[in-house]
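A short write-up of the structure that comes next.
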Amino acid sequence: MKQVFNPYLPLWEYVPDGEPHAFGDRVYLYGSHDRFDGKKFCLNDYVCWSAPVTDLRDWRYEGVIYGKTQDPRMADGRHELWAPDVVRGKDGRYYLYYCPDDTIKSIGVAVCDRPAGRYEFYGLVKDAKGGVLGERSGDTIAFDPGVFIDEDGEIYLYSGNGPRTQRAIGKEPKASVVMTLCDDMLTLKTEPKKLLPMLGESEGTGFEGHEFFEASSIRKIMGRYYLVYSSVTNHELCYAVSDRPDGGYRYGGVIVSNCDLFPGREGKPLCCFGNNHGGLEKIGDKYYIFYHRQTNRSPFSRQGCAEEVKILPDGSIPQVELTSCGLNGGPLKAEGSYSAGIACNLYGKLTPTYSHPLAMMNRHPYITQDGPDYDPEKGGTPPRSYIANGKDGLVAGFKSFVVSGAERITVRVRGTARGSLFVRTDPKGENLAEIGLCPAKDWTAFTATLAPCHGIHPLYLCYEGKGRLDILDFSF
């Protein structure tokens, strides 16, 4: 049976800020589109991927849905396309809301007759007098739009960002805001009003330490309104809950952290981290949180991941751990070959830090690929993902596998490493296997026998020795 991993799209694809929407019998994934080894966020055109709601293992590339130069404000191709959202309008058409980069401070709208067709520029969000939201005197910065149509037909648009540090408070007109739109999907029906508290205004609200930063994403679930957002910690997606869509939100908690940090739990980040953005969606009879991770020692090469979540009877959502199996519906089988690029935890002796060359330097392991940015419409051989810069103390974690019956494990590595790669179900636990390594210029296979092990377990590849290694894949 086909399996799916985290990231759930091919490892050459970089679609962060994922907003999943189930339209009919398919779920469509909208997001921004990073360029591998890009020097800025969101340098590529918007693309869409979709999967049957009954089989999240089967993702299909739908192609480019909106190009960078289609917006008249961006005809020169020099601007970025930041995080979008899509909603099915009352007229049955699909509306895409987006903000370009921070040199253009208004929200664009594109429209299409199909969820994954070619969208066409429709207009800018404006007031009844034609004033463009974000460009009027007194407007806060328009950012990361989220859009939602309630059961009564009211159209809500969410937007905004906030400061992340005390020094940044008050330097720009920022806020989390909500407004309503007319049926034309463009004209403001009500003006923006403040929604979630930002840094500097959260005392006594329950949001302390998890104030709103960016990435508004709204869903209605079992009669409650859930607003998912990225907090000032940057790496976590939090949620707030209300009985109405336009106010009264209470802090709920953290749903996922892209470095596996849990508030109140001792521990260190389990991989290098960066910003986070995603959406909560019911697909079939289950709920999933979509988020993204950082790769290539960069904040600009992000990949979409997802985890199943549980919504408890009281409406709360317990935080989930990062996994390598994500949408698979269960653990992976200890059969066949797996890319090292699906590692959900990756660290060395030093505490993981912000995913940026100046922060990581050459001191941390990271995931990268062996070729340039790949365009499936141009064809050619896709690049391969691998773990780079492994040193003594490397831990690469993969959660989780049904390990019963596996007898041998083979890894393909290269580099100057001379030592052992230990296979464990706990980074500090007993060894299931010890794979001896020696220097290899090209990708070279090394094999060891696995000790008997039964049940479902995470697997960790732990290196001890001298020199450096890259890990391409492992197989059972």
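Counted by neighbouring Cβ atoms within 10 Å, the residues I255, I149, I155 run from fewest to most as I149, I155, I255. Taking N as the residue count of segment 363-476, its C-alpha radius of gyration divided by 2.2 N^0.38 Å amounts to 1.12. Of all lysines in the structure, those lying under 26 Å Cα to Cα from K349, and not within fewer than 8 positions of it along the same chain, are K268, K391, K399, K428, K441, K466. Pairs K129/K220; K174/K220; K2/K90; K171/K310: which exceed 28 Å Cα-Cα? The pairs that break the limit, which is 28 Å between Cα atoms, are K129/K220; K2/K90; K171/K310.
Quick note on segment 288-356: its Rg to Rh ratio, both from C-alpha atoms and Rh being the Kirkwood radius, is 1.02.
Placing a label point 7 Å from the Cα of D243 along the Cα-to-Cβ direction, the residues of segment 210-224 whose backbone N falls under 12 Å of that point are 224.
Extension gain for the segment E201 to H356, taken as residue separation times 0.36 nm less the Cα-Cα distance, is 52.8 nm to one decimal. Fully extending the segment from D152 to K286 would add 45.8 nm, taking 0.36 nm per residue of separation and subtracting the current Cα-Cα distance. Remark on segment 1-139: Rg and Dmax equal 15.9, 58 Å (Cα only). Residues in segment 120-136 carry Karplus couplings, in order, of 10, 4, 10, x, 10, 5, 8, 8, 5, 8, x, x, 7, 4, x, 10, 7 Hz; the curve used is 6.51 cos²θ - 1.76 cosθ + 1.60 with θ = phi - 60°, and Gly or Pro positions show x.
Hey, for a label at T381 modelled as a point 7 Å past Cα toward Cβ, could you say which residues of segment 422-451 have their backbone N under 19 Å away? Answer for segment 422-451: 441-445. Shown is the FRET efficiency for A75 and E430, computed with R0 = 60 Å from the Cβ-Cβ distance and rounded to the nearest 0.05: 0.45.
Diffusion coefficient (Stokes-Einstein, Kirkwood radius over C-alpha pairs, 4 °C, 1.567 mPa s) for segment 19-328: 66 µm²/s, rounded to a whole number.
For the pair D101 and T165, label points projected 7 Å from Cα toward Cβ lie 2.1 nm apart. FRET efficiency for the pair D45 and D184, taken as 1/(1 + (r/R0)^6) with r the Cβ-Cβ distance and R0 = 22 Å, rounds to 0.25.
Spin-label point model (7 Å from Cα, Cβ direction): what's the E407 to E266 distance in nm? Inter-label distance under the simple model: 4.3 nm.
If R0 is taken as 45 Å, the Cβ-Cβ distance between S337 and A128 corresponds to a FRET efficiency of 0.15.
With the simple spin-label model, which puts each label point 7 Å out from Cα in the Cβ direction, the I456 to S137 separation comes to 6.1 nm.
None of the figures in this text is laboratory data; all of them are computed from the coordinates on show. Keep in mind that this is a model prediction, so the values were computed, not measured. Note that we place each Cβ from the backbone using ideal geometry, even for glycine, and neighbour counts take in every protein chain shown.
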